[in-house]
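Below you'll find the structure, written out as structure tokens, and then a few comments.
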Amino acid sequence: MKPRILSGIQPTGSLHIGNYLGALSNWVKLQYESEPIFCIVDLHAITLYQEPAELREKIRQTAAVFLAAGIDPAHSSVVVQSTVKEHAELCWLLTCVTPLGWLERMTQFKDKAAKQESIGDGLLQYPVLMAADILLYQANLVPVGEDQTQHLELTRDLAQRFNAIYGETFTMPETRLPAVGARIMGLDDPTKKMSKSTEGSGHAVAILDPPAVIRKKIMRATTDSLPHVDFENMGPGVQNLLTIHQAFTGWSGDQIRRHFQGMRYGDLKKTVADAVVAGLEPVQKKYAEITAEPGYLDRVLAESAARVRPLAAQTVRLVKERMGVYTA
Ligand code: AQP
């Protein structure tokens, strides 16, 4: 039996090369060895305020980027989370077995809550909804970037707790990080993770940025006060640029070291920018084709939702039966 894969991305802004290297490109590699479901998690997005018209547009853009990156809709399901109502239903059922203390400990909750004047309950429940996404489809494998490992641990703890209380119900999912690129840092501040929602034009390279913009952002990336690359004495900004290059080219660590040792920062940035532009060019070309075809995206999303709904309904029914909730 092929493993079932589940992963998702929030449509909270323009997808960036961190999302691409940490998640999307890994999905593309894994898709044919598995039964994959990839979600545009719009219910997660609204745990923080989103301007409605912008959110509607970003949902479509995110789905189109999935396909442009190489997700094959004939094989993989591309699902908008809110179109399968069982995500929210299972989330509530799981909320009732989640200890509050587990949620209050989540690093992402603490970071995001610290930036808000008032915190919505949805932000606290974010990891429970993520657990519901995964457990709904009895997924075996969850390919994500490093920032999601704590949420994945909570999913496993929750599955274990539910199984212990109500009997074997959920498959235990494994986390799968990419070998290179599991945590891409901001270009303006390499001590912080590259993020869609971080302000500042020099922070992230978007997957759909035109080549001139990509080059400009990378040429302005923060490095350190040394003049050239020194592997014995390397700051996080230079390390981040080398990681981006390695992830886009697939070079080995040895190749990277031989090629870049002693290279001046200006040349390093130019080489990295060339690799990023070349890596994203086919994605951008395909994005233009996909979005030019009327009705295509809606068809893919409708077919995918129809394909996964029976499995989602089956799991929710089982969970309700286990918990003693009325099932007609
Ligand atoms: N900087 C990153 N490096 C590697 N992987 C990353 N991911 C996100 N940022 C990086 C991975 O991308 C997937 C989707 O993430 P998400 O949209 O669900 O939420 P996030 O992790 O909170 O991503 P962002 O870009 O930082 O979004 P905002 O700003 O909206 O919170 C996940 O697999 C994640 O690990």
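The values are calculated or read from the model by the stated rules, or taken from the named source; none is laboratory data. Not measured: the values here are computed from a predicted model. Because the Cβ atoms are built from the backbone with ideal geometry, glycine has one as well, and the counts that use them run over all protein chains shown. Keep in mind that these areas ignore ligands, DNA and RNA; they rest on the heavy atoms of the full protein, side chains included. Shrake-Rupley method; radii C 1.70, N 1.55, O 1.52, S 1.80 Å.
Working carefully through the options 189, 157, 224, find the one that is at pLDDT 95 or above and in a loop (DSSP other than H, G, I, E, B).
On the way: 157 fails: in a loop (DSSP other than H, G, I, E, B); 224 fails: at pLDDT 95 or above.
Being at pLDDT 95 or above and in a loop (DSSP other than H, G, I, E, B) holds for just one of 189, 157, 224, which is 189.
Taking the options 129, 124, name whichever one is more than 21 Å from residue 172 (Cβ to Cβ), in a helix (DSSP H, G or I) and within 16 Å of the ligand (Cβ to nearest atom).
Numbers: 129 fails: more than 21 Å from residue 172 (Cβ to Cβ).
Unique residue meeting the criteria: 124.
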Answer yes if at least one residue in the range 38-59 is among the basic types (Lys, Arg), open to solvent by 10 Å² or more (accessible area, probe 1.4 Å), in a loop (DSSP other than H, G, I, E, B) and over 27 Å from residue 178 (Cα atoms), and no otherwise. no
Complete set of residues in the range 165-193 that are under 12 Å from residue 237 (Cα atoms) and either crowded, with 20+ Cβ neighbours inside 10 Å or aliphatic (A, V, I, L, M) (or both): 184, 185, 186, 187, 190
Among (1) touching a strand residue (DSSP E or B) at 6+ places or on another chain (Cβ under 6 Å); (2) modelled with pLDDT under 95; (3) charged (D, E, K, R), where does residue 176 come up short? (2)
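Could you check how many residues of the range 132-153 are within 14 Å of the ligand (Cβ to nearest atom) and outside any helix (DSSP H, G or I)?
Taking the range 132-153 and keeping what is within 14 Å of the ligand (Cβ to nearest atom), we get 133-134, 139, 141-153.
Checking which are outside any helix (DSSP H, G or I) leaves us with 139, 141-145.
Count: 6.
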Out of all the residues in the range 90-112, is one or more farther than 18 Å from residue 154 by Cβ, in contact (Cβ under 8 Å) with a residue 40 or more places away in the chain and part of a helix (DSSP H, G or I)? no
Checked against (1) over 18 Å from residue 137 (Cβ atoms); (2) surrounded by fewer than 22 Cβ atoms within 10 Å (Cβ to Cβ); (3) of a type outside the set (Ser, Thr, Tyr); (4) more than 11 Å from the ligand (Cβ to nearest atom), residue 33 satisfies every condition except (1)
Counting only residues that are surrounded by 12 or more Cβ atoms within 10 Å (Cβ to Cβ), part of a loop (DSSP other than H, G, I, E, B) and of a type in the set (Gly, Ala, Ser), the range 254-294 contains a total of 0
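Would you confirm, using the coordinates I've provided, whether residue 295 is among the small types (Gly, Ala, Ser) and at positive phi? Working first, answer last.
Values: among the small types (Gly, Ala, Ser): yes; at positive phi: yes.
So residue 295 fits the description; yes.
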What tally of residues in the range 221-248 results from selecting those that are surrounded by fewer than 18 Cβ atoms within 10 Å (Cβ to Cβ) and under 25 Å from residue 25 (Cα atoms)? 2
Go through (1) near the ligand (Cβ under 10 Å from one of its atoms); (2) modelled with pLDDT of 95 or more; (3) among the small types (Gly, Ala, Ser) and name the single condition residue 197 misses. (2)
